[in-house]
Amino acid sequence: MSVKHYLNSLARVALVGGVTPVQHLQRLSEYLQRDISIKRDDISHPGMGGNKLRKLEFLAADAISKGQRYAGDRRR
């Protein structure tokens with residue numbers, strides 16, 4: 001199974017607004033003499049974004065699949 005196929009098979013709750021771009025880092029690539037690119041999850045949403053929001057998509061899907069209805073401690 002390819003990495004792309006595996007990642008597409010994971011359940012997630014869509015919180016990030018679409019696909020984020022991959023940016024080639026030209027000067028760093030030249031300095032290190034290899035192609036360097038980064039995924040720009042930091043620009044995924046104007047109010048919140050980054051890899052923490054991306055991770056939350058997978059954590060929320062996992063919690064929902066386990067029957068969780070609330071986030072946090074709901075003991076009374």
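Worth pointing out:
- Scanning the stretch 8-47 for residues that are out of contact with any Lys or Arg (no Cβ under 7 Å at 6 or more places or on another chain) and touching a residue at least 40 places away in the same chain (Cβ under 8 Å) yields L10, A11, R12, V13, A14, L15.
- Note on the stretch 33-56: residues that are part of a loop (DSSP other than H, G, I, E, B), within 14 Å of the chain's Cα centre (by Cα) and at pLDDT 85 or above total 1.
- Residue match in the stretch 57-68 (condition: in a helix (DSSP H, G or I), under 10 Å from V16 (Cβ atoms), at pLDDT below 80 and not polar (S, T, N, Q)): no
- Which numbered condition Q23 fails, given (1) part of a helix (DSSP H, G or I); (2) modelled with pLDDT of 85 or more: (1)
- Condition met for E30 (at pLDDT 90 or above and either in a helix (DSSP H, G or I) or closer than 25 Å to L10 by Cβ (or both)): yes
The values are calculated or read from the model by the stated rules, or taken from the named source; none is laboratory data. Keep in mind that what you see is a predicted model, and the values were worked out from it rather than measured. Please note: Cβ atoms are built from the backbone with ideal geometry, for glycine as well, and neighbour counts cover all protein chains shown.
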